[in-house]
Amino acid sequence: MVNRALLLCTSVLALVACSGGGTGSGSTAGSSGGSSGTAHGSTTTGGSSGGSTSGTSAGSATVTGTILGASFTPQDAISEVSSSSTFVVLTSYSGVCALAMADPNASKANSSTLVFDFSGGATARAFSAPNDVDAQFANFDATCGSPSGESASGGTVTVTRADATGIDGTFDLFMDSATTGHITGTFSAPTCAAPASDGGFSCR
């Protein structure tokens, strides 16, 4: 079942904080925008290659399968390291870090976000869900509320690279239901050096 406390958070930076992460330099921010499609087992890709701490480099990701009966098309990916955890955030629109740099409290209406929370830090190895990594998916509506979402009940997230410039890896997860929520994919998530959220709210 999805973490309802997590879904109360509307921006990715606030969403990260609700997952248990702290704030500070290099925090990620921004929510996602516009997931689409319904074909089961389809592969969707988005973004371009990342690998920069400048706060402007786009990430990339692929997702095969469906969540909540629909495909999720990531257009960007960013990573964040806080004092207590490490996060990778896949979003359904591009420019998430640029938005976060401009307004760390901003959220995107009609959006979808997939977050991997590595509570013990991310190193190059396999992490089992939900014990070693908490994977949460959320849909945001026209007012940036969170009416639906899923959390991973099993599977793995494998980190292949983790350094100051970002985090790369693959995943094979069951989002609550083994028959309707099985997803696999890849991600390349550059570090986003956006300021921390002050707890405010902005829906765009």
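The values are calculated or read from the model by the stated rules, or taken from the named source; none is laboratory data. Computed from a prediction, not measured in an experiment: that's the story for all the values here. Quick reminder, even Gly has a Cβ in these numbers, built from the backbone with ideal geometry, and neighbours come from all protein chains shown. Heavy atoms of the whole protein, side chains included, go into the accessibility calculation; ligands, DNA and RNA do not. Shrake-Rupley method; radii C 1.70, N 1.55, O 1.52, S 1.80 Å.
So here's what we get for this one:
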quantity: Among residues of the range 119-146, those that are in contact (Cβ under 8 Å) with a residue 40 or more places away in the chain and within 25 Å of LYS108 (Cα to Cα), counted; calculated: 11
quantity: Selected residue (criterion: farthest from VAL63 (Cα to Cα)) from residues of the range 87-106 that are under 13 Å from the mean Cα position of the chain (by Cα) and open to solvent by less than 10 Å² (accessible area, probe 1.4 Å); calculated: CYS97
quantity: Scan of the range 161-194 for residues that are surrounded by fewer than 16 Cβ atoms within 10 Å (Cβ to Cβ) and closer than 15 Å to GLY59 by Cα, ordered by number; calculated: ARG161, ASP163, ALA164, THR170
quantity: Pairs with Cβ under 7 Å, 6+ apart, first in the range 94-108 and within 13 Å of ALA77 (Cα to Cα), second among the charged types (D, E, K, R) and open to solvent by less than 20 Å² (accessible area, probe 1.4 Å); calculated: SER94/ASP76; GLY95/ASP76; VAL96/ASP76
quantity: Residue check for PHE116: touching a residue at least 40 places away in the same chain (Cβ under 8 Å), open to solvent by less than 10 Å² (accessible area, probe 1.4 Å) and of a type in the set (Phe, Trp, Tyr); calculated: yes
quantity: For ALA77: the one exception among (1) surrounded by fewer than 24 Cβ atoms within 10 Å (Cβ to Cβ); (2) of a type in the set (Gly, Ala, Ser); (3) under 14 Å from the mean Cα position of the chain (by Cα); calculated: (1)
quantity: Residue among SER153, SER107, SER146, SER92 that alone is farther than 30 Å from ASP198 by Cβ and of a type in the set (Ser, Thr, Tyr); calculated: SER153
quantity: Residue count, the range 133-145 (criterion: open to solvent by 30 Å² or more (accessible area, probe 1.4 Å) and within 27 Å of SER84 (Cβ to Cβ)); calculated: 2
